[in-house]
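Below is one structure, written out as structure tokens; comments come after it.
Bear in mind that the values in this text are calculations on the coordinates, not laboratory data. What you see is a predicted model; the values in this text were computed from it and never measured. Cβ: placed from backbone, ideal geometry, glycine included. Neighbour counts: every protein chain shown.
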């Protein structure tokens, strides 16, 4: 029933030998340090390298005259904060999804949710001339439609408990393919209108800044709060639907609320930076190295790891082929899809599935 | 044709030996039945004969000629096998499938000739499939599919016929129809070897019974001599007592007859 | 009682060479050939530049006096149409062969990620060298198919029939696409337009030489297929049972896979990553004429050719003046089809 796959099992074994609480706290400490390092590096690297000392100065003793301070505060910091925020949102969404479905392969991208959000956003731009500010509405609708589509497809497939994991991912991939080909089709109808959308389609953090964040943070905080509040119910649901019901959990309501929040978080991210894939897939696995998914510790940790991961990917995107810059979505897709493939491999190997 | 298994051993890459120095001779005109526990190597033996697996040691020959020297086509004209693990393409019709048995007799440019078609029709008649001829395989029941496999085997018209648990999925009437068919083939001079799990059927039909256990031939001979309470104890680990007369008997677990 | 001869089959007289054909199959074949020819001619006429039937006749009679109209047809449309037909037939055949080899109705170059892999190799070539010869791109394509196939096979081991291989194929396709996207985003704007079209499969860049090449290639592959097609029926029963029927299964499985690769590689090199044609065409063909090795292959090819031709023609005429890549159309239909098919097929 517990669908745990062991990432290098030797690693998790050695970590579990240390007392669980220490593992969690140690993890938090380690990850926070890494986050700071990445953050600082992120800000310092760029067309004009900036020394760390200057960064600290800019933040704590902002001097309007210094050009460097401007770069830090107006350009680099926003981008970093957006990356961390979106990463956190994606991480939490992925964590909740994997916890709810008890399936190590799900995430907002593998369920086709992001593709749906993208397509509906494009439709909104094309047919209704929706402005940038309101894009998150069609994005949310699209995310939900795609998600529901995937889930209903899965229902129609085999009900065997082993292949069910694979089936939901298969359904998700198909839905994703459907919506992305619809998107390509739509874009070809009016290439000019969509010319400046190309980068966003891949998942691009660079144009985003604090105003974008300020648009979405109320809803984001709402979604995060609700998800955290569902944590207890989700814990009980790990045991299985029947057991959860008899324990008094309103399974349907929990499911729906969690799903809506996941869709919401995914679509909010898509609306400002585009579909960034696989963060939600990878984060829960890393989180499981430090703390079990029961309780909300994992949720908080996932947000931390998500923020770290996305900023790190953004960093990679900017330095890998410097001075040219890659787009974050591409980097996260490349690494994430390889990770996904390996997950598939381990999953089958361990479960002898067909 | 005489099928001779000479000192054959087989093991998968690990050291787990499935068959250990087995020697058996199958002569034309007789109905042989092989019985044994699950996993004792009965199907593996068939796989080795059909060259789906390679022998670890020993030789298998037909009328003295080593099987390895035959091409697949020649082998298909001499030995045919019925096995229910054969996947059936969904969209194929029964008629098409049964025709496939004639494949090994076709030349490079010729397809199914009138003779081939006549043989296929006969086979379908024999297995009572004529009304189902144009139906797709996916639309058939398990029993009908099994009969279709048997019909395909019949069209191959080989001298040696191997039947791996041929009664699977079949209802009683068709089980006996198939076994009667096996007997008929044997009387026509073919070499018929069947793997059965039903001891009674084995006793009723076999000219010669072979018991496989612990990688070796435990015993072989007439049904009377081989199927004994001792054998049931040693090979199948069931305490039985024989109930019946000299001609026909049933081995019933002792604790049920008191 | 004659099940076979009884109003169902048309048999050729001589016994040495007999090619029995079911009546229904014959009708279907004729209908499809006619449909294809009509589509061919009609596609020559359709387009944003209006052209009269007289011009079409002129071009087809090779009576080319290169005025505006005929040159449009000759240089712009004819290559696309020829290319689309050849590509459609080849990809359909490739899908059919893969399905036989994997014994899996969902196998197809697009599904298994093979066309993405090949396209990536070709794109790498374009990005690294600005001028790429036909041979080089085809070789790169072969390489891409080969490597991707190895990757998928390695993950799947023995279990080719089942839904897992589909998932692996999609996942591998995703990995490859991610790399393609990255590559694309690091390239200049002019190149980007061409490459993006290439990635989704477009007949725009075909000229008369490459289209002719593809057509000739198609003829050769079809000839080889016809020679090999006898063996396809037994291969459907699986490796072991094909052997029992008298086929040297190992040899022919390899032949089939190699033929499939040879069929798809040049197409992807010239046209880009189009997949799903094999999936759709073979599925439709099976439903129409059932399961006979050679005939099924031919009908699939015809359906594939017709489909691809119309995808291209509709793509350039339906939303004029905007041109939509054939590949995008096909991907869309393919995705829909795929979703419908998995409902059908996930009992494995």
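Evaluate the relative contact order of segment C:52-345 (contact order divided by residue number), counting alpha-carbon pairs under 8 angstrom at least 6 apart; express in whole percent.
Reported as a whole number, the value is 32 percent.
For peptide C:329-335, compute the average count of partner chain beta-carbon atoms within 10 Å of each residue's beta-carbon.
Per residue, the number of nearby Cβ atoms from other chains is 5 on average.
Where does segment A:175-250 land on the Kirkwood hydrodynamic radius, alpha-carbon pairs, in angstrom?
With all distinct Cα pairs of segment A:175-250 included, I get 16.6 Å.
Please compute, for peptide B:163-170, the average count of beta-carbon atoms on other protein chains lying within 10 Å of each residue's beta-carbon. Don't skip to the answer; put the middle values down first.
On the way: counts 0, 0, 0, 0, 0, 0, 0, 0.
For peptide B:163-170, the averaged partner shielding equals 0.
Relative to the first principal axis of the alpha-carbon coordinates of chain B, what is the inclination of helix B:114-126, with its axis defined by its Cα atoms, in degrees from 0 to 90 and to the nearest 10?
That helix lies at roughly 40 degrees to the long axis.
Would you look at the GNM of chain B, springs on alpha carbons closer than 10 Å, and say which of B:90, B:121, B:246 moves the most?
Among B:90, B:121, B:246, the largest GNM mean-square fluctuation belongs to B:246.
If I take every Cα pair under 8 Å that is 6 or more residues apart in chain A, average their sequence separation and divide by the length, what percent do I get for the relative contact order?
Working: 522 pairs, mean separation 101.5, N = 354.
In percent, rounded to a whole number, it is 29.
Calculate the FRET efficiency for residue A:228 and residue C:146 from the Cβ-Cβ distance with a Förster distance of 60 Å, rounded to the nearest 0.05.
Values: r = 49 Å, r/R0 = 0.82.
About 0.75, to the nearest 0.05.
How would segment A:9-351 be classified by its alpha-carbon gyration tensor: rounded, prolate or oblate, with rounded meaning a/c under 1.5 and the a/b versus b/c comparison settling the rest?
It is oblate, given that a/c is not under 1.5 and a/b is not larger than b/c.
With the cut-off at 1.5 for a/c, could you classify chain B from its C-alpha gyration tensor as rounded, prolate or oblate? Walk me through the numbers on the way to the answer.
Details: a/c = 1.95, a/b = 1.35, b/c = 1.45.
It is oblate, given that a/c is not under 1.5 and a/b is not larger than b/c.
Please say if the protein assembly as shown is rounded, prolate or oblate, where rounded means a/c under 1.5 for a ≥ b ≥ c the square roots of the C-alpha gyration tensor eigenvalues, and otherwise the choice is prolate for a/b larger than b/c and oblate otherwise?
oblate
Any idea what angle helix B:172-187 forms with the longest principal axis of chain B, computed on alpha-carbon atoms, 0 to 90 degrees, nearest 10?
On a 0 to 90 degree scale, this one is about 80.
Just from the alpha-carbon atoms, what are the Rg and Dmax of segment C:52-345 in angstroms?
My reading of the Cα-based Rg and Dmax gives 19.0, 63 Å.
Take chain A, connect every pair of alpha-carbon atoms lying under 10 Å apart with a spring to form a Gaussian network, then pick out the residue of A:342, A:261, A:123 with the largest mean-square fluctuation.
Evaluated over chain A, the most mobile residue of the options is A:342.
For chain B, find the longest principal axis of its Cα atoms and tell me its angle to the long axis of helix B:142-156, 0 to 90°, nearest 10.
For B:142-156 against chain B, the angle is about 70 degrees.
Most fluctuating residue of A:134, A:63, A:235 in a GNM of chain A with Cα springs under 10 Å: which is it?
Evaluated over chain A, the most mobile residue of the options is A:63.
Per residue of chain A, what 222 nm ellipticity follows from adding -39500 (n - 2.57) for every DSSP H run with n ≥ 4, rounded to the nearest 500?
Numbers: 16 runs with 255 residues, N = 354.
-24000 deg cm²/dmol, from helical runs alone.
Which whole-number percent gives the relative contact order of segment A:190-325, counting Cα pairs below 8 Å spaced six or more residues apart?
Working: 88 pairs, mean separation 37.3, N = 136.
That works out to 27 percent.
Averaged over A:340-349, how many beta carbons belonging to a partner chain fall within 10 Å of each residue's beta carbon?
Neighbouring Cβ atoms belonging to other protein chains average 4 per residue here.
Suppose we keep just the DSSP beta bridges with both residues in the protein assembly as shown; what percent of those would be antiparallel, to 5?
Among the beta bridges of the protein assembly as shown, antiparallel pairing accounts for roughly 60 percent.
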